Every structure is written in C-alpha cells, then in structure tokens.
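Here's the structure we're looking at; comments come further down.
The values are calculated or read from the model by the stated rules, or taken from the named source; none is laboratory data. All of these numbers come straight from a predicted model, not from anything done at the bench. Here Cβ is always computed from backbone atoms with ideal geometry, including for glycine, and neighbour counts include all displayed protein chains.
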Amino acid sequence: MAILEVKNISKSFASLKAVDDVSFSIEEGDVLGLLGPNGAGKTTTIRMIMNIIVPDSGSVTLLKNSEENSTNLIGYLPEERGIYRKMKLVDVLLFLAKLKEMKMHDAKEQIDYWLERLDLIKWKKKKIEELSKGMQQKLQFIATILHKPKLLILDEPFLGLDPINTNLIKEIILELKAGGTTIIFSTHQMESAEKLCNKIILINKGKVILSGKIGEVKESFGKRNIHLEYEGKEDFLNKNKMIKKFDNFGNYVEIQLEENVSPQDFLKEIISKIQIKKFEIKEPSLNDIFIESVHSQNQEDDHE
Amino acid sequence: MNKKIWAVVSREYFTRAKTKGYIIGTLMFPIIIVFLFGGIYIFGKAFQPSTQNFAVIDQTGRIYVQMVEMLPDTLKNGSLKFSFSEIKTTDENLEPTIEELKQKVLNKKLTGFLVIPENILESKEVKYSARNVSNFDDLEKIEWAISKSVSNIRLENLGYSPEVIRREMYAGYINLTSFQLTEKGEVSKSGVSNFLLTYLLTYLLMLFIMIYGQTITASVIEEKSQRITETIISSIKPVELMMGKLVGVCLLGITQLVVIGSFVYLLSAFGAPFLLKMGIETPKLLNIIGNLQFTPVVFMFFILYFFMGYLLYATLFAAVGSMVNTTDEGQQFLTPIIFLNIIGFFIMITVAQNPDTPAAFWASLFPFFTPSVMFARIAVSHPSLPSGAVLSIFTMGISIYLIIKLVAKIYRVGILMYGKKPSLKEALKWIRYK
C-alpha cells in the first residue's frame with residue numbers, strides 16, 4: 001500500500017517552472033532518495049508533499065488510510081531550519097512534541113533518550129542561542145523524530161554537519177529504516193543516498209529524469225565500467241573500437257565499453273596484449289549516474 | 001479547541017509571562033500603589049497637623065461661646081483641631097495682655113490670638129495675629145464661625161430668641177445632590193469622577209489593545225525571521241497557529257488587566273477607609289479615586305471590550321506580521337491601524353459627554369471604534385446600558401469572525417513568504433489563493 005502518492009504535480013513561480021509534472025509513490029518501509037542538483041525542485045516538491053505549497057496542478061495523497069491526524073505521523077525536517085532562540089532546549093522539544101499530540105510522559109522520556117544519544121544532554125536547560133550551529137541541527141533532527149513518525153521527510157539532513165555527526169545521523173536513519181519507518185530525504189550527497197536508499201528519484205530542472213529501485217536504476221543506466229590494473233604497454237587502449245572512453249589513472253584505468261561490447265569479449269581481446277593484475281566489472285556509482293544524467297539532459301535542453 | 005492550539009497558547013503565554021518586561025509591567029502599578037500608600041502613611045504621620053491653640057479676647061462677651069460651639073472639628077486622631085481659650089481682660093489691661101499673647105505666639109505656646117472688639121456689630125473687624133497666616137482653610141472656618149455668631153447676635157437684638165434663630169438658620173441650609181436620569185430610574189452620583197474614570201479606563205483599554213496587538217506582530221515576525229514557521233506548520237494548520245497566538249497573547253493582557261483592575265478596585269473600595277483607620281487624612285487625589293464608580297460590572301465590560309477589541313486589532317496586526325520580515329518594514333502597515341484606534345479615541349472624548357446622540361450610537365457600532373466609544377458610553381451611562389450595547393457585542397463578534405477568516409488567508413501565505421515585502425495590493429491577492 002502506498003504511503004505517499006504524488007501524481008503529476010507542477011508548480012511555477014512567476015516564469016520559472018520549479019516542478020514539472022512529477023509523479024512517484026512510495027510504499028511502507030521504503031527509503032527514497034530525492035536527488036538532484038541545486039535548484040532542481042527538490043525542496044519545492046517536498047513542500048508540496050507537506051502541503052506548505054499548493055501545487056498548480058496534480059495531487060498529493062498522504063497516509064490516506066490512517067485514522068489519526070496525519071500530521072502527527074509525519075516528521076518533517078525543513079530545509080529552512082530555525083528554532084525559538086530564546087527558549088530552552090527542553091522547552092522547545094516539549095512544545096514541538098505537544099504539537100504532535102504526544103503524551104507528556106512519553107515526550108519527556110524520548111527527549112532525554114535522544115539528547116543523550118546525540119550528546120546534547122548537558123545543554124538540556126540551556127537556551128538555544130547558546131548552541132553552536134551543528135548542535136542546533138542535531139536538536140532539529142531530534143525534534144523531527146521525537147514522536148516516532150511513520151513517515152520521515154528530511155530535506156538535506158546532512159547540511160552543515162561535520163563527518164562525525166553526519167555518520168551519527170546516518171546511523172540513526174538506518175536504525176529507523178530497520179524499525180520500519182518510511183523515509184524520504186533529499187540530498188546531493190550521492191554517497192549517502194547510495195548507502196541509505198532503496199529507491200531514488202533524480203530531478204533536474206523540475207523534471208524527473210530517473211526513478212526506481214536503486215538496482216534497477218543502475219541496471220537500466222546500463223553503463224558498466226571496468227576497473228583494470230595491468231602491466232605492459234598501454235597501446236591497447238588507444239584506437240580500440242571496443243572502448244567508448246577511458247580514464248587512465250596511472251596505476252589503474254577506468255574503462256567504459258561501447259554499448260554492444262560485453263566485458264567478456266573485451267577481456268578476451270586484451271588478455272594477450274598485457275599482463276592483467278586485476279579485472280573488475282564495476283556498477284556505475286550513483287554519482288556517475290547523477291552527473292551523466294544531469295549533463296545529458298542539460299545538453300538536450302540546450303539543443304532545443 | 002484542540003490540543004495543538006493549546007500548545008501554541010501555552011507557549012505564547014508562558015514564555016512571555018516569564019520575561020522581566022512582563023513581570024515588571026504587571027507589578028509596576030500595584031507596586032506604585034503600595035509605595036503611594038506607604039508614603040502617605042509614613043509622611044502623613046510625620047506631618048500630621050496637631051491641635052491649634054488660639055487665645056480669644058472677646059470684648060463683647062457674647063461671641064466666644066457661640067463660635068467655639070460652631071468649631072467642634074476634630075483631627076483624624078480624635079483630638080480637637082482648634083482649641084480656644086478665652087482671655088478676660090479690662091480695657092486698661094488690653095495692651096499689656098496683647099503684648100503678653102504676642103510673646104506666647106512668638107514662643108510657639110500659641111498658634112495665634114483673636115481680638116473681637118466690643119463694637120464688632122458695627123465695625124465687622126476682627127484682628128487675628130499669628131506667626132503663620134497662610135492657613136486659609138482654617139482661617140476661613142474661624143471667620144465663618146464669628147460671622148455666624150455676629151448674625152445671631154444681631155437677630156437676637158431684633159428680638160428673636162436664640163432657639164428660633166438656630167431653628168430658622170438651620171432650616172435654611174440646602175444640599176445640592178445630583179441625580180442621573182436613566183431608564184431604570186434616578187441614580188445619584190457625582191459627575192466629575194465618572195468622566196475621569198471613563199477617560200482613564202478607555203485610554204487604558206486602547207493602550208492595552210495596541211501594546212498587545214503589536215506583541216502579536218513581533219511574535220509572528222520572530223517565527224518568520226528565525227525560520228521557525230515551516231517546522232511548526234508541519235504539525236499545525238496556519239490558522240490554528242494564528243488563533244493560538246492570538247489567544248495566548250490575549251490571556252497575557254487579561255492577566256495584566258485583572259491584576260491592575262483588582263488593585264484599582266481595592267484602592268477605590270478600601271484605600272481611603274484604610275488610611276482613615278490608621279488615623280491619616282486622605283489626600284484629595286485619593287478621594288477622587290475613592291469616588292470612582294469602578295464596579296465589577298464596569299470592569300466586566302472593560303475586559304469584554306478589551307477581549308473583542310484586541311481580537312479585532314491583533315488579527316490585523318498578525319496579518320502585518322506575516323507580510324513583513326522586520327519590525328521596521330511593518331511600521332508602514334501598522335500606522336494606519338494605530339490611526340484608526342486614535343480616531344476612535346477622539347470620538348470617545350466627545351461621546352462621553354453626549355452619549356445618547358444618534359452620532360454616538362452609530363460611531364459606537366463601527367467595529368474599530370466600538371471598544372473605545374461603546375465602552376465610554378457604557379461607563380458614563382452606568383449602571384444602565386446605552387442603546388446598542390448588546391448589539392455592539394454581536395457586530396463585534398461578526399466583524400472579528402470575518403476579519404479572522406480573511407486574515408487567515410493572508411497569514412497562511414505570508415508566513416512562508418521570504419524576501420521582498422509585498423504591497424498591500426499583492427497581499428490582498430493572497431486572499432484569493434487556493
């Protein structure tokens with residue numbers, strides 16, 4: 001059963017088409033990565049899901065079958081982050097928990113647990129303005145997950161966090177995923193997306209250019225790279241009809257084959273020419289897919 | 001009201017109620033009152049007038065008894081205000097006696113002395129000598145007592161008996177009591193304190209509406225400028241957030257008004273009697289406050305019109321807050337709203353004196369003037385209700401409902417709008433957004 005169904009939503013700001021006919025749906029337990037370069041329409045899409053912006057056309061169906069007030073089942077970390085600077089940490093968290101209609105007792109328990117976990121417990125009674133930016137980020141993350149949401153929507157959750165805290169947050173996201181929480185998050189950190197998501201949607205210029213399960217996306221992208229370490233002359237690389245392009249890094253070379261050439265044939269071809277130390281067929285990384293797809297779409301647009 | 005709105009109400013209330021500014025603002029008035037009373041108590045005791053001793057040389061032999069009888073005034077502590085002693089002397093001894101009395105005055109054994117000449121009936125001159133002759137109130141009383149005594153003697157000389165004179169004179173006194181005509185009958189009260197009360201309360205009412213209205217603007221701008229809105233809006237509808245804010249800040253205002261109102265009430269009801277009990281004369285200023293007809297009913301209307309006036313204005317203030325990014329930007333939109341309030345105040349000043357004209361009736365039904373003009377009419381007409389009072393509650397209610405409906409639409413768009421502040425025209429367009 002789809003937890004969220006987005007059908008053909010579009011939104012324009014003045015002459016700019018920020019989101020153009022975007023559709024997708026996610027099932028319970030999915031972790032969806034909303035990927036795209038800056039200004040692709042990720043935040044606008046998320047805001048439309050959250051009903052903060054009303055789409056010009058299309059529809060969003062969110063947690064249709066739940067009896068509870070659906071806002072209570074959602075945890076939303078907006079890109080525009082801010083919190084009452086003059087209030088104490090614990091008061092802010094209690095306030096936000098009350099807005100989700102949490103029971104006082106549960107809220108207090110959860111607050112202590114998460115403050116401890118994210119190393120903020122000694123700041124519990126301090127005012128927010130005394131916290132560093134990173135701490136405020138972590139606090140905001142706690143506020144998002146405090147009420148154990150069924151659906152977590154995180155807009156750039158790692159923005160402004162150092163690697164240690166980024167890992168901490170990733171760890172928690174994986175934990176929530178294991179616990180069955182459905183998660184949508186936007187990012188342009190492909191590495192994080194690759195680790196966390198089972199589904200991705202790649203948006204560029206408001207349009208979906210790729211979507212689906214991560215394995216399927218990679219498969220459909222088709223391009224496999226060969227990672228080759230060898231000894232011998234590098235002549236075989238030049239003017240080889242099987243190779244579409246290659247990057248020589250000295251110790252090794254990354255090779256992309258022509259569409260109709262299988263790695264098997266390529267291996268046969270080169271085995272007599274050089275001494276192979278390592279031959280590995282690598283799936284394209286999300287990063288490759290991202291750059292390639294965005295690049296080719298931009299070129300297409302330029303031709304139009 | 002749902003739990004979420006209450007969460008906003010209580011955050012809005014408690015975070016603000018805990019600020020120094022609010023606590024000081026609320027307690028300032030009572031503290032001033034306490035100091036005032038304390039001051040009056042301490043200084044009143046220290047500067048309490050003591051009994052004044054007068055010597056009287058009554059050469060007629062008939063005035064002294066009568067005038068003393070007419071001056072039985074006592075001080076608050078129960079002792080006599082004036083104490084007289086008659087000095088008997090002969091014509092030959094008059095000069096030395098006067099010299100002796102002068103010495104006593106200079107030595108402060110006497111406050112002063114009076115010489116009533118034998119031919120007082122013709123000369124009408126009495127000599128009073130003292131160190132201090134600026135206590136007009138007291139001297140006027142003594143003058144009055146002697147004058148009456150002289151009149152009495154003249155009448156006696158015409159053959160009337162003292163009893164007849166006393167009876168007839170007494171029968172001649174009249175009292176001017178003012179009565180206010182109302183539908184429920186006549187009610188006596190004094191006009192001055194009532195106007196004073198009306199102006200004072202109406203001024204306070206409008207001041208509070210403006211202060212708390214602007215608190216709303218600040219509160220909305222705070223959430224906007226600190227980018228908090230989106231987080232909140234993911235849990236609560238914008239209109240609920242707005243209502244929560246309006247109610248939370250309103251409760252702050254009502255708390256403050258109840259504290260101050262209770263003190264004014266205690267002051268007017270128990271202030272003067274309390275001081276009297278402590279044996280201290282009440283200053284004239286406090287007497288006026290004591291005469292204020294600050295009844296629970298007037299107070300109830302005060303709170304009611306604060307509540308409604310506040311909702312009406314604060315909703316507009318909330319709209320302004322949602323449209324702008326800084327307080328400075330808001331000023332341009334706030335000014336006309338404040339102006340509207342001031343116009344109401346000017347109308348109120350005239351209407352308080354003529355509360356029953358058709359113009360007063362219509363002005364008091366215009367929602368933005370109702371809190372000031374209608375409240376003034378109610379206070380002046382108290383205890384009867386002026387025409388349209390009940391109607392005004394309905395018109396206000398409907399206006400508030402419509403304004404909230406309208407502003408909710410502007411608010412919803414405005415709080416998520418960053419960047420350049422919109423013109424009024426653009427903001428009005430938001431109303432038509434889906």
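Checking each residue in the range A:132-153 for being touching a residue at least 40 places away in the same chain (Cβ under 8 Å) and assigned to a helix (DSSP H, G or I) picks out A:136, A:137, A:139, A:140, A:141, A:142, A:143, A:144, A:145. Only one entry in B:390, B:380 is assigned by TED's automatic domain parsing to the domain that holds residue B:296, β-branched (Val, Ile, Thr), farther than 30 Å from residue B:232 by Cα and modelled with pLDDT under 85, namely B:380. Within the range B:80-103, the set of residues being among the hydroxyl-bearing types (Ser, Thr, Tyr), under 16 Å from residue B:129 (Cβ atoms) and part of a loop (DSSP other than H, G, I, E, B) comprises just one member, B:89. Selection within the range A:56-69: residues that are surrounded by 12 or more Cβ atoms within 10 Å (Cβ to Cβ) and within 12 Å of another protein chain (Cβ to nearest Cβ). The member of this set that is modelled with the highest pLDDT is A:56. Exactly one residue out of B:418, B:401 is hydroxyl-bearing (Ser, Thr, Tyr), under 30 Å from residue A:53 (Cβ atoms) and in a loop (DSSP other than H, G, I, E, B): that is B:418.
When each of B:319, B:352 is tested for being within 20 Å of the chain's Cα centre (by Cα) and either assigned by TED's automatic domain parsing to the domain that holds residue B:252 or not aliphatic (A, V, I, L, M) (or both), the lone residue that passes is B:352. Looking only at the range A:248-263, which residues are over 16 Å from residue A:275 (Cα atoms) and not charged (D, E, K, R)? Correct list: A:248, A:249, A:255, A:256, A:257, A:260, A:261, A:262, A:263. Among residues that are within 14 Å of chain A (Cβ to nearest Cβ), surrounded by 15 or more Cβ atoms within 10 Å (Cβ to Cβ) and at pLDDT 85 or above, residue B:22 is included. Entry remark, the range A:84-109: residues being free of Cβ contacts under 8 Å to residues at least 24 places away in the same chain, out of contact with any helix residue (DSSP H, G or I) (no Cβ under 7 Å at 6 or more places or on another chain) and more than 8 Å from every other protein chain (Cβ to nearest Cβ) number 6 in total.
Is there a residue in the range A:205-215 that is modelled with pLDDT of 90 or more and under 11 Å from residue A:33 (Cβ atoms)? No, the range A:205-215 contains no residue that is modelled with pLDDT of 90 or more and under 11 Å from residue A:33 (Cβ atoms). For the range A:208-304, give me every one of the helices (runs of 4 or more DSSP H) that falls completely inside it and has 2 or more residues that are among the acidic types (Asp, Glu) and under 30 Å from residue A:198 (Cα atoms). Of the helices (runs of 4 or more DSSP H) lying wholly inside the range A:208-304, those with at least 2 residues that are among the acidic types (Asp, Glu) and under 30 Å from residue A:198 (Cα atoms) span A:214-221, A:286-303.
Mind telling me which of the residues A:53, A:46 ends up being crowded, with 16+ Cβ neighbours inside 10 Å, touching a Phe, Trp or Tyr at 6+ places or on another chain (Cβ under 9 Å) and within 14 Å of chain B (Cβ to nearest Cβ)? After applying the criteria, what remains is A:46.
Residues that are in a strand (DSSP E or B) and either over 22 Å from residue A:37 (Cα atoms) or of a type in the set (S, T, N, Q) (or both) within the range A:155-195 comprise A:182, A:186, A:187, listed in sequence order. Within the range B:346-379, being surrounded by fewer than 24 Cβ atoms within 10 Å (Cβ to Cβ) and in contact (Cβ under 8 Å) with a residue 40 or more places away in the chain holds for B:349, B:352, B:353, B:367, B:368. Inclusion of residue A:134 among residues that are modelled with pLDDT of 90 or more and more than 19 Å from residue A:46 (Cβ to Cβ) is not warranted. Of the residues making up the range A:57-111, those that are farther than 23 Å from residue A:157 by Cα and hydroxyl-bearing (Ser, Thr, Tyr) are A:57, A:59, A:61, A:66. Only residues that are at pLDDT below 85, β-branched (Val, Ile, Thr) and under 38 Å from the mean Cα position of the chain (by Cα) were counted across the range B:119-170, and they come to 1.
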